[in-house]
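Worksheet for the structure shown next.
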Amino acid sequence: MSGPIYTHEVRAHKPRAQEARGVSARAKRGLMIPRGIAAVLAPGVALAGVAALWALSLRNIDLGQMTDLGLVSALPATYFVALALLTASFAFAVHDRETPPWVLFLHVVLLIVLIHGTPSLVYGTVRYAWTWKHIGMVDYILRHGAVNPDISALSGLSANHNWPGFFALSALFTQVGGFTGAQQFAALAPLFFNLIDIGPLLLIFGAFIRDSRLRWLAVWTFFLGNWVGQDYFAPQALTYFLFLVAVGICLTWFSARPRPPAELAGRPWWLRWPERIWSRLDAAQGAQDDGDGVPRRSTPLQRVGLMALIVLLAGVIASSHQLTPFMAILSFGALVLAYRSSARTLPILMAVITATWAMYIAWAFVGGNLAWIIDSFGELGRNSTVTDVARVSQGQALVALAARGLTALIGLLGFAGFVRRWRKGKRDLAYLALAAAPFPMLVANSYGGEMMFRVYFFALPYVALFAAALIYPAPGSGTSWRAPLGVMAVSGLLLGGLLLAYGGRERMNYFTPNEVDAATYLYRNAPAGALVIGASDNYPSLFQNYEQYTHVALTGRTAARGQQVTLESDPLTFITTLMNDDTFTASYLIITRSQKAQIEMDGLLPPGTMEHIEQLLRRPDRFRIIYENEDAVIFTPAGRPESAP
Amino acid sequence: MNNLRRPPVLLILLAAATDVVIGINAPLPLRAVVVLGFLLAGPGLAFVPLLRIRQTSVEITLVLALSLALDTLVAEALVLAQFWSAGLALAVLIAISVTGAVVQLLAPGVVTREVEG
């Protein structure tokens, strides 16, 4: 155990004041820049340099050069120099206790802008296929003024009709903001959601961590480790922000600690012992406490107001997303079980709100999917699947390995940082409980094969805090020149992983203006009741009048089982039969550059198969091309004149 | 002039500006900035200052969270009730915001005394 808390600050104050007077006198004589100005000037110059280099990079990004490694393969050297300069500047700025918070804030903002703003600004189109589907959901609300919870699961968006909060909000933004559609602002969603997450992260870390270096390094590390891409135009991004705010309020104003053993006498053993164990862990913490478990001073009415806010956030979370409410129940529950929250009924309240929504509003979806929800419970192996690197392209195998490496690195750094803080006498049991809270969801459900990523996402803030604690474990530690070098080295490693893991699928996530034009043409001209077939479901789809069409894909996630075998053996017969189904008023097959990229990257068909199929479709006796540009082509059966727009 | 610095007065002005840009059907950039500015800050500014938190970064976070939460709940309620009207949703949010602003103006100390945030 090292010295008492804030020792370094007590030691530092007096000499600092004397030093400041001396510095001030020298500054008056024009010999030296005052300390406060220097703390802003150097990072200010660096940030201006970063911004200039980044702006220069934007003009030199050639998206046509993008390989299977994603956006990183199309970025010019100046972009990497900008990132390196930003990292170095942040490392020294965070190390200097004189650096004002707004300077550190600007560093984090620039990091987010460089990582998440670059695609938004360079592409000129909305990226990621699911974004377009969500735009379609907003379009549905704007046209119908309602949702349809009973809509067929075949529509692909039935869950969104049952948890419509985010889409109703987006419809409101679209209409009162004067936009013609959500596609006019959806591209900026990753930038927006990452930026607004800074606030709640600081609230969470500020609850117990008094060392500003650790708080800001934790925020920085969070954004370096956030590769899972749940920041696009989707309910998850909104509810994640609200969830973080709710957790932050809980930690800041409703934290608690277990009672000392003497106060537990007379309670039943099954209530006494758990609290006693937690209490003993706390006792070992002693004077080294960094503030853990001490709620901020507040009035009863303040607490009422803040609890009302949490309940309001809980309501929005429960009505907007399927997964986040369960993460909230587990997180609030973990805090209560670890005796870190005085809001002991909050997990129950969250569970009641969640169950009420599921049973009374979203039952159409829950009832219809109950069988597989129950089926996947307890299937840990099935719920934790990862990319089969043997099946995907070489570049994608590297991207998958980078994602795993980044996850493992953050986890290892977090573990090491936690141990280092423990040895300094800091238990951080609230953060530990919150980091562990999402993991039971791995047993509960596969969430479409994404559960592992979501668990990582929800544990990340606290793991990032522990990872940052490896360098700044306590206020008096990490004072040597090695600390900023450590920040630079770790940040460099994480950035390398992030650029590959987050942007590694951009060859398929990016849609060229030509592809968007083709999809727009299709939805403008296809009659209601038409069948829309995609080579895969990775294209701008469902964004307009989506419920009027039936959408299927030849390959990928939504393709029927067994379909691929038939497609590969006799594609012409298979597609001809599919497209001549008289159940539909017309039928169209769209093949785009990004679909081909996905098929190739994910190994959905043997190499060259899609190109071969496209050549077969170009036979004029069976199919007609109704639209074609450099990146997309739309076919319709030659014998169905009603399909002609 | 001092009053202009107070959140309730600013909020009422923001609400009025929102009403005006929609009323005159202002062009997109101006309309989007004013209206989205109101939606992201207005409803939260109506109530968060009553908590007297006095820590700007925390206040901004809570204002944003409360604004997004209220926007979502109002819009969602109208959608679920099959009574959707963006204008009505905005009117409700303006009413909520102005109510909060008036409470702040009339009874600035009624909810809480100033406490360290």
* To do: Kindly provide the set of residues from region B:73-103 that are in contact (Cβ under 8 Å) with a residue 60 or more places away in the chain and more than 9 Å from chain A (Cβ to nearest Cβ), ordered by number.
  => B:ILE94, B:SER97, B:VAL98, B:GLY100, B:ALA101, B:VAL102
* Can you find a residue in region A:617-624 that is over 24 Å from A:GLY64 (Cα atoms), open to solvent by less than 20 Å² (accessible area, probe 1.4 Å) and in a helix (DSSP H, G or I)? -> yes
* Asked: How about region A:146-170: which of its residues are on the phi > 0 side of the Ramachandran plot and modelled with pLDDT of 95 or more?
  -> none
* Asked: Applying the selection to region B:53-67, what residues are open to solvent by less than 20 Å² (accessible area, probe 1.4 Å), at the interface with another protein chain (Cβ under 7 Å from one of its Cβ atoms) and touching a residue at least 24 places away in the same chain (Cβ under 8 Å)?
  -> B:VAL58
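Just the residues that are among the polar types (S, T, N, Q), in a helix (DSSP H, G or I) and buried (at least 17 other Cβ atoms within 10 Å of the Cβ), please, taken from region A:392-423. Break it down into steps so the answer makes sense when it comes.
If we filter region A:392-423 for residues that are among the polar types (S, T, N, Q), which is where we start, we get A:393-394, A:396, A:407.
With the extra rule that they be in a helix (DSSP H, G or I), the set shrinks to A:394, A:396, A:407.
Within region A:392-423, A:GLN396, A:THR407 meet the criteria.
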* Asked: What do you reckon, is A:ILE329 within 14 Å of chain B (Cβ to nearest Cβ) and crowded, with 18+ Cβ neighbours inside 10 Å?
  -> no
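Would a scan of region B:33-49 turn up a residue that is of a type in the set (Gly, Ala, Ser), open to solvent by less than 50 Å² (accessible area, probe 1.4 Å) and at the interface with chain A (Cβ under 8 Å from one of its Cβ atoms)?
No, every residue in region B:33-49 fails to be of a type in the set (Gly, Ala, Ser), open to solvent by less than 50 Å² (accessible area, probe 1.4 Å) and at the interface with chain A (Cβ under 8 Å from one of its Cβ atoms).
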* Kindly indicate which of A:GLY476, A:GLY449 is in contact with a Ser or Thr (Cβ under 7 Å, 6 or more places away or on another chain) and open to solvent by 30 Å² or more (accessible area, probe 1.4 Å). => A:GLY476
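Grab the helices (runs of 4 or more DSSP H) fully contained in region A:72-182, keeping just those with 1 or more residues being open to solvent by 30 Å² or more (accessible area, probe 1.4 Å) and either in contact with a Lys or Arg (Cβ under 8 Å, 6 or more places away or on another chain) or within 13 Å of chain B (Cβ to nearest Cβ) (or both).
Ranges flagged: A:77-95, A:101-112, A:129-144, A:165-176.
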* If you take the residues in region B:96-117 that are part of a helix (DSSP H, G or I) and exposed (fewer than 13 other Cβ atoms within 10 Å of the Cβ), which one is modelled with the lowest pLDDT? -> B:LEU106
* **Residues that are assigned to a helix (DSSP H, G or I) and either surrounded by 11 or more Cβ atoms within 10 Å (Cβ to Cβ) or modelled with pLDDT under 80 (or both), drawn from region A:258-269** => A:PRO261, A:ALA262, A:GLU263, A:LEU264
* Asked: Does any residue of region B:75-91 turn out to be closer than 17 Å to A:LEU312 by Cα and among the β-branched types (Val, Ile, Thr)?
  -> no
* Asked: Which pairs have Cβ atoms under 8 Å, sit 6 or more apart or on different chains, and link a residue in region A:590-611 that is over 10 Å from A:ALA632 (Cβ atoms) and touching a residue at least 40 places away in the same chain (Cβ under 8 Å) to one that is among the basic types (Lys, Arg) and part of a helix (DSSP H, G or I)?
  -> A:ALA597/A:ARG507; A:MET601/A:ARG507; A:MET610/A:LYS596
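When you look at B:PRO27, is it under 27 Å from A:PRO300 (Cβ atoms) and either at pLDDT below 95 or among the β-branched types (Val, Ile, Thr) (or both), yes or no? Outline the logic, then answer.
On the way: under 27 Å from A:PRO300 (Cβ atoms): no; either at pLDDT below 95 or among the β-branched types (Val, Ile, Thr) (or both): yes.
Taking the combined requirement at face value, the residue does not satisfy it.
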* Might you let me know whether region A:186-197 holds any residue that is crowded, with 23+ Cβ neighbours inside 10 Å, modelled with pLDDT of 95 or more, within 14 Å of the chain's Cα centre (by Cα) and more than 14 Å from every other protein chain (Cβ to nearest Cβ)? => yes
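The values are calculated or read from the model by the stated rules, or taken from the named source; none is laboratory data. All values reported here derive from a predicted model rather than from experimental measurement. In this analysis, Cβ positions are derived from the backbone assuming ideal geometry, glycine residues included, and neighbour counts consider all displayed protein chains. These accessible areas exclude ligands, DNA and RNA; they are computed on the full protein's heavy atoms, side chains included. Shrake-Rupley method; radii C 1.70, N 1.55, O 1.52, S 1.80 Å.
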